[in-house]
1. Against the definition (in a loop (DSSP other than H, G, I, E, B), over 29 Å from residue 244 (Cα atoms) and of a type outside the set (Val, Ile, Thr)), how does residue 16 come out, yes or no?
2. Picking from 29, 78, which residue would you name as being touching a Ser or Thr at 6+ places or on another chain (Cβ under 9 Å) and more than 16 Å from ligand 1 (Cβ to nearest atom)?
3. Which condition number does residue 168 fail, the rest of (1) more than 16 Å from ligand 2 (Cβ to nearest atom); (2) more than 17 Å from residue 87 (Cα to Cα) being met?
4. Any residue at all in the range 236-247 that is out of contact with any Asp or Glu (no Cβ under 9 Å at 6 or more places or on another chain), away from ligand 1 (no atom under 13 Å from the Cβ), assigned by TED's automatic domain parsing to the domain that holds residue 81 and at pLDDT below 95?
5. Of the conditions (1) more than 19 Å from the chain's Cα centre (by Cα); (2) more than 16 Å from ligand 1 (Cβ to nearest atom); (3) surrounded by 16 or more Cβ atoms within 10 Å (Cβ to Cβ); (4) aliphatic (A, V, I, L, M), residue 218 fails just one. Which one is it?
6. With the requirement that a residue be among the aromatic types (Phe, Trp, Tyr) and surrounded by fewer than 19 Cβ atoms within 10 Å (Cβ to Cβ), what does the range 221-247 give you?
7. Let me spell it out: the conditions are (1) among the β-branched types (Val, Ile, Thr); (2) in contact with a Ser or Thr (Cβ under 8 Å, 6 or more places away or on another chain); (3) under 18 Å from residue 73 (Cα atoms), and residue 208 meets all of them except one. Which number is the exception?
8. Which one of the conditions (1) out of contact with any Leu (no Cβ under 7 Å at 6 or more places or on another chain); (2) farther than 30 Å from residue 37 by Cα does residue 295 fail to meet, given that it meets all the rest?
Amino acid sequence: MTSSADAEPATLLDAARSGDRSALARLLSKVERGGAEARSVSEVTHELVGRATTVGITGAPGAGKSTLTSSLVREMRSSDVAVGVLAIDPSSPFTGGAILGDRVRMDEHVLDDDVFIRSMATRGHLGGLSVAVPDAARVLDAVGMEWVLIETVGVGQVEVEIAGEADTTIVVVNPGWGDTVQANKAGLMEIADIFVVNKADRAGVDETVSDLERMLSLRSGSEWRPLVIRTIATEGVGASQLWEAIQQHGEWSRSSGEFERRRTVRREQELRRIVNSLMAARVEELASGEAWRRASDDIAALRLDPWAAANGLLD
Ligand SMILES: Nc1nc2c(ncn2[C@@H]2O[C@H](COP(=O)(O)OP(=O)(O)OP(=O)(O)O)[C@@H](O)[C@H]2O)c(=O)[nH]1
Ligand SMILES: [Mg+2]
C-alpha cells in the first residue's frame, strides 16, 4: 500500500486505518501545516472520533517526561492497547535536538504496529499548536489508537493548556525540584489528576511526596484527590502503578460525570480557538488588500480616526 504525497485525506485515512504508517504521518503533517489542509483532514476524521482517551503529560524541562512516557507505553502495551504519542517539541523545528532526543528515548517502540510516536514542532503561525494538537489527537483516534499520550513541557501558557485539556493530566516533578513551588507557580497544581515524582532514585523523594501531599490537602473544590506516584522512568519502576492510577482516574471521571463535563468544555474552547484563528487569517487577508491601504493612508493623513477606519474595513 502506498500513498502519494498529495493524496486526498480520505485516501490517506483509509490507508492509515489499515496500518500504513507513512499515510498516518502524512495526515499528521497536513494537520501540522494548518489552514485548509488541516481542515480537510478534520472533515474526514470527524465521523470516526470519540473513542480514544487522552492523557496529558507535563512538567519542567528534563523532568523525565519522555522517558516516563516510553516506560508507560511499554506498560500499556502489556495490556494490549494501541497507543499514539504526540511529543510537543518546544524548540525550533530546525534545531531538532529534542526531536532526536525523543526518538532515541522512544525508539524501543518503533517496530510495534500498535504504537505511533510523533514529535510536533511549535509553529510560528496563528492558532499554532493549540489548534493543531487536538486535530492531531483526533487523527490518532480515527485510525484506532485507544489511548493518546500528549507530552508537553510545563512552561508557557499554551503548553500547560494543552496538557491540561486531556481526559487525565499527569504532572511530573523531581525530588527537590523547586520545592514543588515551581509547579505551583506554573499553574500545574490545578491541572494535575496524578502527580509523578520521577527520578525517585535520587535523594529527597520522601520530602517531595510529603510537600505534594500537604499542598493537595489544602486544595478544595474537587472530589478527586490527585494520586502521587513515585517512578524511576529509566528503569521502568512505578510504570505499572502509574498505568493503574490512570485507569483509576478514568473510572472515577466517567462515573462522576467529570469526563463528559471536561470534554464539553474542551470542545467549546476548541471552537473558540478555531474561530479565532479563522478571524486572524481573515485579518491578514484584509491587510494585504487595497481597502486596507487606503484606510491606513487616511489614518496617517488624519482624515479618519482609527476606530472609524476599522469599522469601515469590517463592513
Ligand atoms: N536518574 C534518573 N534519571 C532519569 C530518570 N528519568 C529520566 N532520567 C534522565 O533525565 C534526562 C531527561 O529525560 P527526558 O525523558 O528527556 O526528560 P523530558 O522531561 O522529556 O525532557 P524535555 O522533553 O527536554 O523537557 C535523561 O538523561 C534521562 O535519562 C530517572 O527516573 N532517574
Ligand atoms: Mg521530552
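1. No; evaluated as a whole, the condition is false for this residue.
2. Going through 29, 78 in turn, just one is touching a Ser or Thr at 6+ places or on another chain (Cβ under 9 Å) and more than 16 Å from ligand 1 (Cβ to nearest atom): 78.
3. Result: residue 168 passes all but (2).
4. no
5. Among (1) more than 19 Å from the chain's Cα centre (by Cα); (2) more than 16 Å from ligand 1 (Cβ to nearest atom); (3) surrounded by 16 or more Cβ atoms within 10 Å (Cβ to Cβ); (4) aliphatic (A, V, I, L, M), residue 218 violates only (3).
6. Correct list: 224 only.
7. Here residue 208 clears every test but (3).
8. (1)
The values are calculated or read from the model by the stated rules, or taken from the named source; none is laboratory data. Since the structure is predicted, the reported quantities are computational estimates derived from the model, not experimental observations. Cβ atoms come from the backbone with ideal geometry, glycine included; neighbour counts cover every protein chain shown.
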